[in-house]
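Below: the structure, in structure tokens.
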Amino acid sequence: MKYAARQGIFAGSLLSLLRVVVLLSLATGGLHATSEATCTVPCRQFRDLVDASRRDSAKEVQTLAFLRLIAEGRSEEVTAGMAHFAGVHHPSVLRGAYKGTEIRIGAYRHIGYMGTAAAVEYLQQVTPSAFKVESFERQDLWPEVQIALRDARRRMLPQAADAVRYLEAVLEEEGDWFSAGHVRSWAVNELCSRGALGSLPAVTKALRRIGSSRLEERAQFCQEKMVVAASHPDRVRAISSALTIQNAQSNPELVRWAISEIRSTRDPARLTILNAYFDQLEAIPENTALGIEVRNRVLYHNRPRPLPRRPN
């Protein structure tokens, strides 16, 4: 009994820590990426920059020029004027800190996020020879270029149904040795997170083609995300429906996905939604079996996870 109580107290403190981590990530942009740990601030700047260019098309040329230099590892060529435009108030930091692989990945992703003809044209011109083989640049960055290219093309499509058809077509692409699996995984993840229930057979086929381990489990998880995402026309309201005590206990991977999705939005209610959910979890007595199980499962249930999300 004393052990259970101590375990409950420990799990409760971890839940409080998780709340702090999630809410801090909201304040810094909340991007989904393998680069999240080292690209939080730069990627927030990239996203703000692209969002501003969407509101004012006159900023598109400068936005793409800035992101190109970062993506290509040429941050030392960013002028003081470009840095000011991008919201980087200390241009000297670009010479070193903005050259890492993770930040370059973030820049490529946000070029795709632009979803403009100029972004597509630029990404089409990038070739594998632009990246060094010996330093793993090609294996790390080339797949990101290919994903960004398809993301930009998808964002240019006028209707959601067009985007779904395009993503299904991406699943059938042959691609090249370096990028094919990454591109298919991205398309799978996009279809699952969009709630495209009609695409489930295509997704299952693609998972089999990728050679995914735990095929049935991955397909089932995709279907669960689809059902949640399709449950309401308002995306945040739909995703937040997965934030239940029952899911925290029985399907923590779905809960982590829902938290991640809500974090990535610009919805002003996201902080309120996440706070309310953590309040529900914390209200469960820490020294009960349910309290311990819910806390531990939300934090430490290590099932395989899909390819990290790109900007929404």
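The values are calculated or read from the model by the stated rules, or taken from the named source; none is laboratory data. In this text, all values refer to a predicted model and were calculated from it rather than measured experimentally. Backbone-built Cβ (ideal geometry, glycine too); neighbour counts: all protein chains shown.
Worth pointing out:
- Entry remark, segment 16-40: residues being closer than 30 Å to Gln280 by Cα, modelled with pLDDT of 50 or more and in the same structural domain as Tyr108 (by TED's automatic domain parsing) number 1 in total.
- Residue match in segment 100-107 (condition: assigned to a helix (DSSP H, G or I) and surrounded by fewer than 21 Cβ atoms within 10 Å (Cβ to Cβ)): yes
- Residues (hydrophobic (A, V, I, L, M, F, W, C), surrounded by 12 or more Cβ atoms within 10 Å (Cβ to Cβ) and farther than 21 Å from Thr116 by Cα) located in segment 139-179: Leu171, Phe178
- Residues in segment 232-272 that are among the hydrophobic types (A, V, I, L, M, F, W, C), modelled with pLDDT of 90 or more and in a loop (DSSP other than H, G, I, E, B): Ala242, Leu243.
- In segment 283-292, the residues that are in a helix (DSSP H, G or I) and buried (at least 16 other Cβ atoms within 10 Å of the Cβ): Gly291, Ile292
- Segment 60-72 residues that are of a type in the set (S, T, N, Q), paired with ones that are assigned to a helix (DSSP H, G or I) (beta carbon under 6 Å, 6 or more apart): Gln62/Phe85; Thr63/Leu49; Thr63/Ser53
- Put simply, of Phe136, Phe85 the only residue that is loosely packed, with under 13 Cβ neighbours inside 10 Å, among the aromatic types (Phe, Trp, Tyr), farther than 23 Å from Ala206 by Cβ and out of contact with any Pro (no Cβ under 8 Å at 6 or more places or on another chain) is Phe136.
- The criterion of at least 1 residues that are closer than 25 Å to Asn247 by Cα, out of contact with any His (no Cβ under 9 Å at 6 or more places or on another chain) and assigned by TED's automatic domain parsing to the domain that holds Val255 is met by none of the helices (runs of 4 or more DSSP H) falling completely within segment 125-228.
- All positions within segment 102-132 that are polar (S, T, N, Q) and within 22 Å of Ala58 (Cβ to Cβ): Thr116
- Filtered residue count, segment 211-238, keeping only those that are more than 20 Å from Ile273 (Cα to Cα) and surrounded by fewer than 18 Cβ atoms within 10 Å (Cβ to Cβ): 9
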